[in-house]
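Undergrad: I have a structure here, written as structure tokens, and I will follow up with some questions on it.
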């Protein structure tokens, strides 16, 4: 399988490619130029994979923020989408695309299976192995069938957080695990510390557990509040990917920008490095944020990649757990 961490600027969209199909996690883009780039990337992908008939088996949206949903409508209008999965929220800065899609389906204009994932459905799974079914995992590859499981969804009742944490839609991100043979991927959405603590408490931090994964999509664009030592103890990642914009985006002004947020944060990059042994070859001098609007140079030697540093990153995993990383730049 190949995970295409597409460079969509300060946003997230990852294409998962298998021998028998493809699915997309998030449909965010920074701006119109990055939307054009995303559509162009998928056009080129389907031109190469003509056997897939320009069809996505599913689009999974982690949560309704604009940097994760901005290009959803264009994608649905351009390609065939068989299933749509999210956390069920109809509010949030990125609500327009998901609400449009639901309206299209309800009116009978599009035949797309729509699912929302409450965490109660995940907790109902007796063995704590995550929620899966033929919609969540629509792939049935005859050569090597991947497994798709959802590990956390929307919380309908406050699990004991301060009210602000419960109202924060990042903490309701749909968390997804992909297994391909002995290789594994974990997609964290924008989950923040309160929900991360709950996730680790629920699944545990034992090697070989449900959080133990080879490839980690670093949450919340490498923010300071979305990666913890306890999470990394549980995940033990070999490769980490940060979906993030170029550090200069917003340097001349703007609020919801890479520069204004200070992504990725130096503390997060250092924490990842402390928990990882695999190295990137060659090492790379990159820009990391000491705080919002303040960046510095740092040399990254561990297998930590970012779309803002490396452009689109393709991670090829073989069932034998051989993982190869290809960078655009």
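The values are calculated or read from the model by the stated rules, or taken from the named source; none is laboratory data. Note that the structure is predicted; figures quoted are calculated from it, not measured. All Cβ positions, glycine included, derive from the backbone under ideal geometry; neighbour counts span all protein chains shown.
Undergrad: In the stretch 305-325, how many are in a strand (DSSP E or B) and either within 17 Å of the chain's Cα centre (by Cα) or closer than 20 Å to residue 269 by Cα (or both)? Lay out the reasoning, then the answer.
TA: Step one: filter the stretch 305-325 for residues in a strand (DSSP E or B), giving 305-306, 313-317, 323-325.
So of that shortlist, the ones also either within 17 Å of the chain's Cα centre (by Cα) or closer than 20 Å to residue 269 by Cα (or both) come out as 305-306, 313-317, 325.
Number satisfying all stated conditions: 8.
Undergrad: Which ones in the stretch 24-48 are surrounded by fewer than 16 Cβ atoms within 10 Å (Cβ to Cβ) and either in contact with a strand residue (DSSP E or B) (Cβ under 6 Å, 6 or more places away or on another chain) or under 28 Å from residue 140 (Cβ atoms) (or both)? Lay out the reasoning, then the answer.
TA: Filtering the stretch 24-48 down to residues surrounded by fewer than 16 Cβ atoms within 10 Å (Cβ to Cβ) leaves 31-33, 36, 40, 43-44, 47-48.
43, 44, 47, 48 - these are the residues of the stretch 24-48 that are surrounded by fewer than 16 Cβ atoms within 10 Å (Cβ to Cβ) and either in contact with a strand residue (DSSP E or B) (Cβ under 6 Å, 6 or more places away or on another chain) or under 28 Å from residue 140 (Cβ atoms) (or both).
Undergrad: Looking at 181, 164, 189, which one is surrounded by fewer than 23 Cβ atoms within 10 Å (Cβ to Cβ), on the phi > 0 side of the Ramachandran plot and either modelled with pLDDT of 95 or more or touching a strand residue (DSSP E or B) at 6+ places or on another chain (Cβ under 9 Å) (or both)? Before the answer, list the steps.
TA: Numbers: 164 fails: on the phi > 0 side of the Ramachandran plot; 189 fails: surrounded by fewer than 23 Cβ atoms within 10 Å (Cβ to Cβ).
So the residue among 181, 164, 189 that is surrounded by fewer than 23 Cβ atoms within 10 Å (Cβ to Cβ), on the phi > 0 side of the Ramachandran plot and either modelled with pLDDT of 95 or more or touching a strand residue (DSSP E or B) at 6+ places or on another chain (Cβ under 9 Å) (or both) is 181.
Undergrad: Sort out which residues of the stretch 224-246 are surrounded by 23 or more Cβ atoms within 10 Å (Cβ to Cβ) and in contact with a strand residue (DSSP E or B) (Cβ under 7 Å, 6 or more places away or on another chain), and write them in order of number.
TA: Scanning the stretch 224-246 gives 235, 237, 239, 240, 241, 242, 243, 244.
Undergrad: Would a scan of the stretch 280-290 turn up a residue that is in contact (Cβ under 8 Å) with a residue 24 or more places away in the chain and out of contact with any strand residue (DSSP E or B) (no Cβ under 7 Å at 6 or more places or on another chain)?
TA: First, the residues of the stretch 280-290 that are in contact (Cβ under 8 Å) with a residue 24 or more places away in the chain: 280, 284, 287-290.
In the following step, the residues that additionally are out of contact with any strand residue (DSSP E or B) (no Cβ under 7 Å at 6 or more places or on another chain) were identified as none.
No.
Undergrad: Within the group 70, 83, which residue is in contact with a strand residue (DSSP E or B) (Cβ under 7 Å, 6 or more places away or on another chain), in contact (Cβ under 8 Å) with a residue 40 or more places away in the chain, farther than 14 Å from residue 149 by Cα and surrounded by 17 or more Cβ atoms within 10 Å (Cβ to Cβ)?
TA: Details: 70 fails: in contact with a strand residue (DSSP E or B) (Cβ under 7 Å, 6 or more places away or on another chain).
The match here is 83.
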